[in-house]
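The values are calculated or read from the model by the stated rules, or taken from the named source; none is laboratory data. Remember, predicted model here, so these are calculated numbers, not experimental data. Cβ placement follows ideal geometry from the backbone for every residue including glycine, while neighbour counts extend to all protein chains displayed.
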Amino acid sequence: MKSATEMLAADGRQVRHRAFDVWNIREDFPILKRQVHGKPLVYLDNAATSQKPQMVIDTVYRYYAEENANIHRGAYYLSEKATQAYEDARVKVQHFLHAPSAREIIFTRSVTEAINLVVHCYGRKTLNAGDEVIISAMEHHSNIVPWQILCEEKGAILRVVPIDDAGEFLLDEYEKLLNSRTKLVAITHVSNALGTITPVRQIIDMAHHRHIPVLIDGAQAVPHFKVDVQELDCEFYGFSGHKLYGPTGIGILYGKAELLEGMPPYQGGGDMIRSVTFEKTIYAPIPSKFEAGTPHIEGGIGLGAAIDYLEGIGMEAINAYEQELLAYAMNAVGAIPGVRIFGTAREKAGVISFSLEGVHPHDIATILDQEGIAIRTGHHCAQPVMERFGVPAMARASLAFYNTKAEIDALVAGIHKVKEVFG
């Protein structure tokens, strides 16, 4: 039996934390037992999507097998059970982020949709010609393109905070961009291409000094360490469930209630209304106002199960283990002759992006795949980062708490095999 200790969750619930043992944890992930090309799977593409523990798989299966019904509308047993499970998941997300109220948690399809919701419902209402929005040079396309579209529509200006050669966010340059025309700051918490952890607390404080609201893209942050939106004091925070060991097609937008209440709805349809006539529609209160149509019910419930699973381990334990693993990987990969690592910030999460002299990143991935090793190559939906470092693409190995030092050793051996192939 796995040892455990009783801990208090954010909502006061007793959470049974088990002692961190990576080999026991790996037993919870059935896909990690499979082989690829006759070799044990070494899954190092966690920044793209994470694998799912059996607890999440079972929860989604049980919903379809035992509770499948539409929610919020049915006065019968199955609908009531599904509704309760879905709304319980919203509360779990609230406590996971330490948000003040479950009303401030909006279910979306992804962090991409969460950002687009803010663009359309807050940005479109707020921005005028000549106004400015600040992002950084390390943003994912999902936090660039929607703002470009809005700025073009409104005649506003998109300002970009530069990064240095280590991939560090330059606070001094950021401060220079803040001015009376700045209407919103939208910044990643962790770079998906470089692993840089941005100084979001300082970013938010500096913006708030000028009464500027802040949106944080937390897709790459919440899987790795505890996030407290009240401590950060950001206006908006978004993440995707599939990177947090939950199902695909489910995301979260946290927003401060006073802002959400003043924003128009994102989409019209069922379940986001209080009453409808041909003369006038009265919208439902938050969060329902932003959740038109039948939602991704099993996705929300599965995300709740993923949060339960992570809380059973403890985000502090996960972060400590991943930081140890990252240091090992950075040293091991960085020591390979001909390897160049991109992203050497002092504060960094589990991403190792690299190139190998004389070898295209796609060729690296193809040969590693034959060894059962899954990494990501390309521009990682962060083409401005590629431009900043003068490369067309990068190879990226990204870590989760179920990865091991033995898997890092396998990655290193695989890179040496690539070197042999390309002589």
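Can you tell me which residue among 291, 347, 261 is in contact (Cβ under 8 Å) with a residue 40 or more places away in the chain, charged (D, E, K, R) and within 30 Å of residue 199 (Cα to Cα)?
So the residue among 291, 347, 261 that is in contact (Cβ under 8 Å) with a residue 40 or more places away in the chain, charged (D, E, K, R) and within 30 Å of residue 199 (Cα to Cα) is 347.
Out of curiosity, is residue 376 in the same structural domain as residue 28 (by TED's automatic domain parsing) and either surrounded by fewer than 17 Cβ atoms within 10 Å (Cβ to Cβ) or touching a Phe, Trp or Tyr at 6+ places or on another chain (Cβ under 8 Å) (or both)?
On the way: in the same structural domain as residue 28 (by TED's automatic domain parsing): yes; either surrounded by fewer than 17 Cβ atoms within 10 Å (Cβ to Cβ) or touching a Phe, Trp or Tyr at 6+ places or on another chain (Cβ under 8 Å) (or both): no.
When the stated conditions are applied, residue 376 does not pass them.
So which residues in the range 312-336 are without any contact (Cβ under 8 Å) to a residue 60 or more places away in the chain and of a type outside the set (A, V, I, L, M)?
Selection gives 323, 324, 331, 334.
It is to be established whether one or more residues within the range 38-49 are loosely packed, with under 15 Cβ neighbours inside 10 Å and in a helix (DSSP H, G or I).
No; the residues of the range 38-49 include none that is loosely packed, with under 15 Cβ neighbours inside 10 Å and in a helix (DSSP H, G or I).
Let me spell it out: the conditions are (1) assigned to a loop (DSSP other than H, G, I, E, B); (2) closer than 12 Å to residue 191 by Cβ, and residue 346 meets all of them except one. Which number is the exception?
(2)
If residue 237 passes every condition in (1) crowded, with 24+ Cβ neighbours inside 10 Å; (2) more than 28 Å from residue 175 (Cβ to Cβ) but one, which one does it miss?
Evaluating residue 237 over (1) crowded, with 24+ Cβ neighbours inside 10 Å; (2) more than 28 Å from residue 175 (Cβ to Cβ) leaves (2) as the failure.
Among the residues of the range 180-226, what is the count of those that are of a type in the set (Asp, Glu) and assigned to a helix (DSSP H, G or I)?
So the first thing to find is which residues in the range 180-226 are of a type in the set (Asp, Glu), and the list is 205, 217.
So of that shortlist, the ones also assigned to a helix (DSSP H, G or I) come out as 205.
Total meeting the criteria: 1.
With the range 227-305 as the region, which strands (runs of 3 or more DSSP E) entirely inside it contain at least 1 residues that are farther than 18 Å from residue 146 by Cβ and of a type in the set (Val, Ile, Thr)? Show your work before the answer.
Working: elements: 236-240, 251-255, 273-276, 281-283.
Hits in the range 227-305: 273-276, 281-283.
Among the residues of the range 67-104, how many are closer than 18 Å to residue 291 by Cα and of a type outside the set (D, E, K, R)?
Result for the range 67-104: 17.
Of the residues in the range 231-258, how many are touching a residue at least 60 places away in the same chain (Cβ under 8 Å), under 24 Å from residue 120 (Cα atoms) and more than 14 Å from the chain's Cα centre (by Cα)?
Here the count works out to 3.
Looking at 292, 221, can you tell me which residue is in contact with a strand residue (DSSP E or B) (Cβ under 6 Å, 6 or more places away or on another chain) and either crowded, with 20+ Cβ neighbours inside 10 Å or assigned by TED's automatic domain parsing to the domain that holds residue 141 (or both)? Spell out the reasoning first.
On the way: 292 fails: in contact with a strand residue (DSSP E or B) (Cβ under 6 Å, 6 or more places away or on another chain).
Within the list 292, 221, the selection yields 221.
For the range 128-174, give me each residue that is among the charged types (D, E, K, R), surrounded by 15 or more Cβ atoms within 10 Å (Cβ to Cβ) and either modelled with pLDDT under 95 or outside any strand (DSSP E or B) (or both). Working first, answer last.
Let us first name the residues in the range 128-174 that are among the charged types (D, E, K, R), namely 131-132, 139, 152-154, 159, 164-165, 168, 172-173.
Among the residues that remain, those that are also surrounded by 15 or more Cβ atoms within 10 Å (Cβ to Cβ) are: 131-132, 139, 154, 159, 168, 173.
Scanning the range 128-174 gives 131, 139, 154, 168, 173.
Considering only the range 365-407, state which residues are farther than 17 Å from residue 343 by Cβ, assigned to a helix (DSSP H, G or I) and in contact (Cβ under 8 Å) with a residue 40 or more places away in the chain.
Answer for the range 365-407, where residues must be farther than 17 Å from residue 343 by Cβ, assigned to a helix (DSSP H, G or I) and in contact (Cβ under 8 Å) with a residue 40 or more places away in the chain: 367, 368, 369, 370, 405, 407.
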